[in-house]
Amino acid sequence: MSQARRMMVKLDIYRKFTNALAVAVIVSVGWICYELYFKSNDVYNEHWQNAWIIPAFWQVLSFSLLCVICALWAPSQNSMR
């Protein structure tokens, strides 16, 4: 019976991870649309002061996915046994 419970816990973790990846993909597509809009409206690079946000977003998204992975697969009392 504990084997079935362990498998359900793993399934729950993978579902949460899948949801996090789905959110990341949706946010990425939205950000790509914004980036295309920003680049198309700034032909002469007049908004260069705000352009740092575009590559910084990808760093923040990668870090947030890393945090999700760390939170989901953090050691627990059950894994210490």
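The values are calculated or read from the model by the stated rules, or taken from the named source; none is laboratory data. Given the structure is predicted, the values throughout are model-derived calculations rather than measurements. Using ideal geometry, Cβ is built from the backbone for each residue, glycine included, and neighbour counts are taken over all protein chains shown.
Condition (residue is farther than 26 Å from residue 73 by Cβ and touching a residue at least 12 places away in the same chain (Cβ under 8 Å)) applied to the range 2-17: is it met by at least one residue? The answer is no; no qualifying residue exists. Taking residues in the range 51-77 that are in contact (Cβ under 8 Å) with a residue 12 or more places away in the chain and among the aromatic types (Phe, Trp, Tyr), and partners anywhere that are in a helix (DSSP H, G or I) and surrounded by 12 or more Cβ atoms within 10 Å (Cβ to Cβ), the pairs with Cβ atoms closer than 7 Å and at least 6 places apart or on different chains are 57/31. Can you pull out the residues in the range 1-30 that are modelled with pLDDT of 95 or more and among the basic types (Lys, Arg)? 15, 16, listed by residue number.
Restricted to the chain, the set of helices (runs of 4 or more DSSP H) holding at least 2 residues that are surrounded by 12 or more Cβ atoms within 10 Å (Cβ to Cβ) comprises 2-41, 53-72.
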